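Participant: I have a structure I would like to understand better, so I am pasting it below and will then ask my questions one at a time.
Nothing in this text is a laboratory measurement; each read-out follows from the coordinates by a stated rule. Note that this is a predicted model, so its numbers are computed, not measured. Note that we place each Cβ from the backbone using ideal geometry, even for glycine, and neighbour counts take in every protein chain shown.
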C-alpha cells in the first residue's frame, strides 16, 4: 500500500512502565516491532521521535527562558534517536540518525537528498533535533520531514489508544471512535491528534495521517500491509 512512510513516535515509548528515562527492554521491544513490520512490508521507513520521557519544555523548563527550554528538548530527541538506533542495529536493521542541530560526532546533519538516498538504500532514517528551531513540536517536525522526503503518509503511533475518539476513551467509556476523518474535521472539532501548526500543514499539502495503537501486536505490520488499522485522516 505504501512505499515510503514516516512513523511518529512518542519519547515515552522508550521509557516503559516508569514513564521517564530510557528503559532498555521497552526500547528493544519497540525495535523488534519496527523491524518485523518493515521486513514484512519492504517499505522505506523514516522516524521522528519525541522527548517527553526526558524533557518537556512546558513542564521541566517552566521557569526558564522558553527558547532555551525548547533547545534542550531538541537535544533530548537526539538522545532518544540514538537509543532507538542502537536497538534497531542490534536487531540487524541498518539505521542512520540525522539531526537539524549539527553534532557531527554522533549524527549526520539533516540534508534532504542524503536522507532520501539512505531510504533508497534500505536504511531506516531517524530524524532528531526537531526542526532546528524553537517553538515547533515534533508533530510539526514529522509533517515537515514527511513532505520533504516525499512520504505518502504519517503514521501517528499512540500508546493503547486505537485511533481518534470524540473524547478521551480512558476517561469516558462511551467515547466514540472514528474510522475516518478529514483534516478539517480534526480542526473544527478540536480533536487532539497533533498540534494545530502540524495539522493545518497536513491539510494544506493533502498529507494523510493514520492514528493507531503501536502496542497492539502486529498493528504496525498490518497497517503497512494495507489493512485498515486505527483512524485514517485525509483531505476528503
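Participant: So for the range 150-166 (the condition being more than 25 Å from residue 16 (Cα to Cα), buried (at least 18 other Cβ atoms within 10 Å of the Cβ) and within 15 Å of the chain's Cα centre (by Cα)), does at least one residue qualify?
Facilitator: yes
Residues are listed down the side, and each one gets a yes or a no for (1) farther than 18 Å from residue 151 by Cα; (2) touching a strand residue (DSSP E or B) at 6+ places or on another chain (Cβ under 6 Å):
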{"site": "200", "(1), (2)": "no, no"}
{"site": "204", "(1), (2)": "no, no"}
{"site": "210", "(1), (2)": "no, yes"}
{"site": "213", "(1), (2)": "yes, yes"}
{"site": "221", "(1), (2)": "no, no"}
{"site": "233", "(1), (2)": "no, yes"}
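Participant: I would also like to ask the following. Which members of the range 29-57 meet the condition of being farther than 30 Å from residue 135 by Cα and free of Cβ contacts under 8 Å to residues at least 60 places away in the same chain? Spell out the reasoning first.
Facilitator: Residues of the range 29-57 farther than 30 Å from residue 135 by Cα: 29, 32-33, 35-43.
Within the range 29-57, 29, 32, 35, 39, 42 qualify.
Participant: Of all the residues that make up the range 12-32, how many are more than 14 Å from the chain's Cα centre (by Cα) and crowded, with 18+ Cβ neighbours inside 10 Å?
Facilitator: Taking the range 12-32 as the starting set, the residues that turn out to be more than 14 Å from the chain's Cα centre (by Cα) are 15-29, 32.
Okay, now just the ones that are also crowded, with 18+ Cβ neighbours inside 10 Å, so 15-16, 22-23, 26-27.
Total meeting the criteria: 6.
Participant: Quick one: which helices (runs of 4 or more DSSP H) lie wholly within the range 1-101 and hold at least 1 residues that are touching a strand residue (DSSP E or B) at 6+ places or on another chain (Cβ under 6 Å)?
Facilitator: 24-41, 66-90
Participant: Let me ask something else about it. Does any residue of the range 54-71 turn out to be buried (at least 16 other Cβ atoms within 10 Å of the Cβ), in contact with a helix residue (DSSP H, G or I) (Cβ under 8 Å, 6 or more places away or on another chain) and closer than 14 Å to residue 220 by Cβ?
Facilitator: The answer is no; no qualifying residue exists.
Participant: Separate question: Taking the condition over 24 Å from residue 81 (Cα atoms), touching a residue at least 24 places away in the same chain (Cβ under 8 Å) and in contact with a helix residue (DSSP H, G or I) (Cβ under 9 Å, 6 or more places away or on another chain), does residue 166 pass?
Facilitator: Working: over 24 Å from residue 81 (Cα atoms): yes; touching a residue at least 24 places away in the same chain (Cβ under 8 Å): yes; in contact with a helix residue (DSSP H, G or I) (Cβ under 9 Å, 6 or more places away or on another chain): yes.
When the stated conditions are applied, residue 166 passes them.
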